[in-house]
Every structure is written in structure tokens, then in C-alpha cells.
Amino acid sequence: MERTCLAVILAAGDSTRMKSSKSKVLHPVANRPMIAHVVEAVAHTDISSVALVLGRDAEAVAKAASIDGVEIETYLQTERKGTGHAVLAAREAIARGYDDIIVTYGDVPLQTDAPLKAARQALADGSDVVVIGFHSDKPTGYGRLLVKDGELIAIREEKDATDAERTVTWCNSGLMAINGAKALDLLSRIGNSNAKGEYYLTDVVEIARSLGARVTAVDAPEVEMTGANTRAELAVIERLWQERRRHALMISGVTMIAPETVFLSYDTVIGQDALIEPNVVFGPGAVIDGGAIIHAFCHIEGAHVSAGATVGPFARLRPGADLAEGSKVGNFCEVKNARVGEGAKINHLTYVGDARIGAGANLGAGTITCNYDGVNKSETVIGAHAFVGSNSSLVAPVSIGDNAYVASGSVITEDVPADALAFGRARQETKPGRATGLRERALAIKAAKKAKG
Ligand code: UD1
Ligand code: CA
């Protein structure tokens, strides 16, 4: 689009209904603050500048809103006097003169660029104010779009609406586009004579009409326009986000057996032909390559799983876990900050932290890398095709050479060279026949006790 555009994002509100010690827009959806989702959508709308209006928790909100590649100017709304008042906190930016001004809210995190683009198109086609509306069979809490003779005549807030107006199911999303040349004049005329005594941005519709300006509406999907005022609404938004992203992944070739039990983060990447079994949770930073298998009940965060690798069931991959092709991390294993080489196997009940595991190595059940001495973390290096017997503790820093063999139950505190066999445990003693004597003594003690009463 050739036209210049300023996007004003409102995020100053007190978040009263959220009942929280922090601003509502900092609450995460898919492990990312709501405000960052909004900035991302706005950034895809071909805008020239972004003005972010801050109030409560200004510093933290500004930080959460800063995403790569998007420059943001911030403005402070020092008193909370409503959305109309909040937009004017960015007066200086609006006064610079843009063809289009778009206004969006920080608490509508599922919005995409499409409705905002449609609203800008409507400005280009001659509208002065374009309201983005949506239809809902649960309109309670939203402003309603009032129509007369086929024209949008006003937006009525729930609190100010008559019973008849409350039955209207066409809702205000809060997103709006305004002719940049007229915006300051229109916004400056907003008053505060309403149930809340606030300056409502929504009044701009009636004001514009009274001045003979052209007001229209465009529709957006309800899913995208859902707002989060309470924790209950936040949970609905999380569900909608998850449904949308799971669907997109399945369409792109990922198999999910019970998608409703798989939880994704905003940045989860899963490749084609990966299989995700039920009850898997992805924290931020997970990259699962095509063809990998994630069995049931895994928690994966900040980790990379290569093609042909399998994880779980019941495995935890923490930040820095990097599983090479064909490797295997099985049940009740935890891997953190560790490269697991091609075809290496870590099958059961094992902790691998701060380590490098060579290709084809095999770690027996209950292997523990003792990476932390209470103060410092140290590294364990295990060579290619090394074999670590069950229930071994590898006290880092320590290395096991290629093809080396560690006997079960060892505590390894010194490096093991390539091809060596290491025992780190007391040698076994066997005493023939001693079991019989031991048992007889025990029985005699029991009988003596009984005789005493
Ligand atoms: C608003 C709309 C309503 C619409 C709904 C959509 C108005 C008057 N009402 O109601 O028609 O259906 O959104 O979700 O606009 N904010 C500030 N400063 C303020 C007040 C609010 O920056 O003084 C910010 C908030 O942080 C929030 C956004 O503006 O991000 C919307 O405010 P909120 O109080 O949530 O408005 P709603 O009551 O939801
Ligand atoms: Ca809201």
C-alpha cells in the first residue's frame, strides 16, 4: 500500500477486571505476552510507525512489546480516562500527518493483519472512519454496533445500552481506522458524559457522522477479535490460539493423535511427518524436525529434535537439548544443555545435563551426569559408541572415550580413555553357604523373642 500509516496500540489500562498484580497485556498467550502478539499482527499491516500508549507497568509493557524488527515509539497516558483519551496520548505522532491512523487494543491478542488491512482499504476507498466489527452469539461486555437504514450510526457500550440495544449481536472489536487528516479533530471532540465518565474512542462514530464524514464498518472473524478482560476470557483466548495453531500444523503435515491435548508455544516449530502423541507440552523455543516422534507425556522447551529421533514417553527436554538424527531419549529421562549424537540411546531413568554424547553411545538405565557441585556446572563428554552401564554416576568434569565401557553401578570421577573398561565400585565378595547360616540366626532370634512373650 502506498499510503502512510500510523498504528496506535492502546495498552495503558488498569486491567481491573483481571485482578492481577501486573498489567493485563503482560499476561501470556502461548507463552508470549499478549502485547507482543498484537505488535506482531500490526507489524504485518504495512505501517510506517507504531505508537504504543503506556500507563500501568509502562516499563515492563514496553519491554514485552519490543519484538525484532519493529520500531516502537512510546507515549504515556498519565491518567486512565478511557480509550478516547488514551489515543490522544499519542497526539504528537498523529499530528505528524499520516494518510491512515489505525487504532488497536493490547488486549485483543488473536488479531491478525487481515482486518486492519481491510479497514485501511476502506479508508483508501473514501471512508473517514472504519470500525472493525464482528458477530457473536455471546456479545455481553462488548460495545454494540447500532445500525439505522443500513448505516452504522453509533457504538453503544454495554453499560450505556438499553435492553433493546443489548440484544444486538454485532460487536465492536475495538480496532478502528481513521482518516489521518481528520483524526485529531475528530478525537479532540470526544467527551465523557456516559455511565463510566470516560472518554470513549467509540464516540468517534457519532461525532464523525454529525460532521458529515463517512463512517463504515468491516467484519472480522469472532475468533480473532475476542478480547481478554478477565482470567476466564484469557483461558478462552488461549484455547482458541491453541486450536488455530494445532490446525495449521496438522494442515502442514504434522500428525497429532489427540490434538486437543497438545500444547504449543508461540514459536514452536514442527516439521512435516513428525508424530506428536497425546499429552505433550511445548514450552518456548522447541524445534522438532520432520519425521521425529514425540511419544506421550513429554515436556519440551528450548530443545531441538532431529529427523528420526524419538522422545519419551514421559521425557523432559530442557533448554539446550539437541538430539541428532536417529537418537533416542526414552521414559523418565531429562536432558538439558546437551548434544546427543546420531543414533545415541538414552533409554530410561537418566539425567544428562551439560554434556556431549557421541554418536551411537548407549547410556544404561539410571545414568546420571553429576554436573553441579552446588556452585559450578561442569561438562561430561562421552565418546562415540561408548557404553555406560546402568546406575552409573559420572562426576563432571569427566570424559569417557570412544568405545569405552563403564561397568554398571560405577561412580566415575576420572577420565576413561578410548577403548578402556572402567569399574568405579567396590569389588563383589561371595561367601558360599553363608545364606543358610544367616537365615537360621534370624529365625532363632525371632523364636527367642516369642518365648519371652
Ligand atoms: C472496549 C470498547 C468496546 C469493545 C471492546 C473490545 C471502548 C470505550 N470500548 O471495551 O466497545 O467492544 O473494547 O474488546 O473503547 N486503555 C488505555 N487507557 C484507558 C483505557 C483503556 O490504554 O484509559 C486500553 C486498555 O489497556 C486496553 C484497551 O485500551 O488494551 C481497551 O480497554 P478496555 O478497558 O479493555 O475496554 P473494553 O471495556 O474491553
Ligand atoms: Ca477489553
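Quick notes on this one:
- Taking only protein heavy atoms and a 1.4 Å probe, the accessible area of the range 233-367 is 56% carbon and sulfur.
- Dipole magnitude of the range 159-202, debye to nearest 20 (Cβ charges: Lys/Arg +1, Asp/Glu -1, about Cα centre): 100 debye
- Summing +1 for each Lys or Arg and -1 for each Asp or Glu among the other residues whose beta-carbon sits under 14 angstrom from that of Leu323 gives +1.
- Oblate is the label for the range 55-102, because the ratio a/c of its alpha-carbon gyration tensor axes (a ≥ b ≥ c) is 1.5 or higher and a/b is not greater than b/c.
- Accessible surface of the range 5-225, 1.4 Å probe, proportion on carbon and sulfur as whole %: 46 percent
- Taking the helices alone, the chain has a mean residue ellipticity at 222 nm of -6500 deg cm²/dmol, built from -39,500 (n - 2.57) per DSSP H run of at least 4 residues and averaged over all its residues.
- Separation of alpha-carbon centers, the range 395-453 and the range 233-265, rounded to whole Å: 50 Å
- Taking the Cα centre of the chain as origin and assigning +1 to Lys and Arg Cβ atoms and -1 to Asp and Glu Cβ atoms, the resulting dipole is close to 2740 debye.
- With Cα atoms defining each centre, the range 315-349 and the range 136-159 are spaced 54 Å apart in the structure.
- Summed residue charge, Cβ within 13 Å of Ser48's Cβ, Lys/Arg positive, Asp/Glu negative: -3
- Taking a ≥ b ≥ c as the square roots of the eigenvalues of the Cα gyration tensor, the chain is classed as prolate, since a/c reaches at least 1.5 and a/b is larger than b/c.
- Eligible lysines near Lys336 by straight Cα distance, threshold 17 Å, same-chain separation 8 or greater: Lys328, Lys345, Lys377
- For the range 5-225: rounded, prolate or oblate by the Cα gyration tensor [a/c cutoff 1.5]: rounded
- Of all DSSP beta bridges confined to the chain, the antiparallel ones make up roughly 20%.
The values are calculated or read from the model by the stated rules, or taken from the named source; none is laboratory data. What you see is a predicted model, and the numbers here were worked out from it, not measured in a lab. Because the Cβ atoms are built from the backbone with ideal geometry, glycine has one as well, and the counts that use them run over all protein chains shown. In case anyone asks, the SASA skips ligands and DNA or RNA and just uses the protein heavy atoms, side chains included. Shrake-Rupley method; radii C 1.70, N 1.55, O 1.52, S 1.80 Å.
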